[in-house]
1. Would you please give the FRET efficiency between LYS6 and THR290, computed as 1/(1 + (r/R0)^6) with r the Cβ-Cβ distance and R0 = 45 Å, to the nearest 0.05?
2. For HIS56 and ASP189 in one chain, what is 0.36 nm times their gap in residues minus the Cα-Cα distance, to one decimal in nm?
3. Counting only residues 5 or more places away or on other chains, whose amide H sits under 5 Å from the amide H of GLY113 once H atoms are built in the peptide plane?
4. Could you tell me the convex hull volume per residue, in Å³, taken over the Cα atoms of the range 1-112?
5. Report the normalised scattering of the range 86-164 as log10 I(q)/I(0) at q = 0.13 Å⁻¹, calculated by the Debye formula with identical scatterers on the alpha carbons.
6. With no solvent and one equal point scatterer per Cα, compute the Debye intensity ratio I(q)/I(0) for the range 193-283 at 0.10, 0.12, 0.16, 0.23 Å⁻¹ and report its log10, rounded to two decimals.
7. Based on other C-beta atoms within 10 Å, arrange LYS195, LYS31, LYS10 from fewest to most.
8. Give me the lysines in straight-line cross-link reach of LYS31: C-alpha distance below 27 Å, same-chain residues under 8 apart excluded.
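A short reminder: the numbers here are calculations on the coordinates, not readings from a lab. Only a predicted model underlies this, so the values are computations on that prediction, with no experimental measurement involved. Here Cβ is always computed from backbone atoms with ideal geometry, including for glycine, and neighbour counts include all displayed protein chains.
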Amino acid sequence: MTGKTKKVRKAVLPVAGLGTRFLPATKAIPKEMLTVVDKPLIQYAVEECIASGIEHVIFVTGRRKNAIEDHFDLAPELESFLEQHGKHDAARMVHEISGGLRISYTRQSEALGLGHAVLCAAELVGDEPFAVLLGDVIMDGPVPATRELIEICEETGAGAIHVERVPRERVHLYGIVDAAPEKNSRWGDRLLRVKNLVEKPSAEKAPSNLGVTGRYVLPPEIFDYLATTKPGTGGEIQLTDGLCRLAEANKLFACIYEGKTYDAGDKLGFLEATVEMALKNPKLGKDFRTYLRGLNL
Ligand code: G1P
């Protein structure tokens, strides 16, 4: 612990994207509100925030995303209806959906990229380190992903991101890191010091097969870098390009996550998340497993 690092209290969740990979489902519904088993996708990220000790969630939202605000707001009519009908557990569940978090909303009015979306939260975050969680990614493992990154940031004073090994034919879908193992850390050979990153490279140009999963804990100077970052891959202001500047300053670690990452913004990834989360669900898991076995695939 450097002693100088402020506590990580805030998380930014960019949710302004148009969800084009999931049309037609996302024509009228935000992709973050698609249901995985019994909860909208975005609730998995919010629950990860709660489990990681985050106190304040900042949604960077956009047009047609009101359902997200409604989901995390109180619903007094629904709660009293449930109470009157003796459904006390359901009433409590609805009441506690945001787990006591403070929630703020700000808007990204134009789709100028993930880096720009994070920059939109600069004023609400202020001068302290913060987490970023991509809402269409579910991270499931022994330790909440964001909590692990917070521990790395608080111990090293640097930024931290999770990475996972991705097949060569998929590297063009990720930010890819060029990184070397960090010796003598308590995260063992899972902790790497990042030298450089490339957003969505071709398989030939990728510096490794370690893809950025969608979980970040960053120092506030990332905002200065993003404010001067020019549009990059796809003509967008890329968070990855801001991260390159942190890496140049020797202030970025990557950690290989010890759990499973589902890219649920992708149709196949969404189905994988649905099947595996259903199998783990205490109420549904047993029957669902029996059902799958009966398919005799
Ligand atoms: C974003 C990031 C990319 C990261 C990916 C993880 O891309 O730009 O670096 O690897 O999320 O899902 P997107 O999937 O939004 O195109």
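1. About 0.35, to the nearest 0.05.
2. Full extension from HIS56 to ASP189 adds 44.7 nm.
3. ILE237
4. 150 Å³
5. Taking Cα atoms of the range 86-164 as identical point scatterers yields -0.62.
6. One equal scatterer on each Cα of the range 193-283 leads to -0.36, -0.50, -0.81, -1.24.
7. LYS195, LYS10, LYS31
8. Hits, sequence-local ones excluded: LYS10, LYS39, LYS65, LYS200, LYS260, LYS267, LYS280, LYS283.
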